[in-house]
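What follows is calculated from the coordinates using simple rules that are stated; it is not laboratory data. Given the structure is predicted, the values throughout are model-derived calculations rather than measurements. So basically every Cβ, Gly included, is an ideal-geometry build from the backbone, and we count neighbours across all protein chains shown.
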Amino acid sequence: MRVVIAGGIGAAGSYALQAASAAGHEVVVVSRAVGVDARSGDGLAATLAGVDVVIDATNAGTTDEVLVTEFFVASTSNLMRLGKRAGVRHLVVLSIVGIDGARRGYYAAKLAHERAALEGPLSASVARTTQFHESPPR
Ligand SMILES: NC(=O)c1ccc[n+]([C@@H]2O[C@H](COP(=O)([O-])OP(=O)(O)OC[C@H]3O[C@@H](n4cnc5c(N)ncnc54)[C@H](OP(=O)(O)O)[C@@H]3O)[C@@H](O)[C@H]2O)c1
């Protein structure tokens, strides 16, 4: 399969990239570092051509609830809208174990991210993990 990993050079995305590559999939990274912006949509349509599955492993670079919510809803909506147009079959969104019931902060923004993905228009699933070893603040 051809797989796009948005945020594929970040902490979580780089593990997804290794796993997908090791499984024999053709992997394409979406990241501002490679000139493609999921939030604004710049460069996204061309990158999604011929792609089967998109993994959304982007992150907002802040923990402010309003900014994070805005970032995730915009990014995942662009991935779905342009993905649907390009023939993408499925979106996987990375999220966090135990966030049900969160009312504020980053976890509430992640719930908004999950809802945006599950509302369509693409078939989507949420993959929740606990925090990665390298992520806790030192
Ligand atoms: N790390 C964890 O422990 C953990 C655990 C559970 C779930 N998660 C979830 O996994 C996801 C990724 O988290 P992370 O910790 O891996 O984040 P991260 O290390 O900060 O990586 C974020 C990635 O997103 C990309 N990105 C940021 N803005 C972008 C944009 N506008 N367009 C395209 N790419 C953009 C960044 O690349 P550029 O700067 O080049 O754009 C970077 O590759 C988040 O949804 C997070 O909630 C993380």
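Counting every other Cβ atom within 10 Å of each residue's Cβ, 122, 94 order from fewest to most as 122, 94. Between the amide H of residue 96 and those of 129, distances stay under 5 Å, these residues lying 5 or more places away or on another chain, with hydrogens modeled in the peptide plane.
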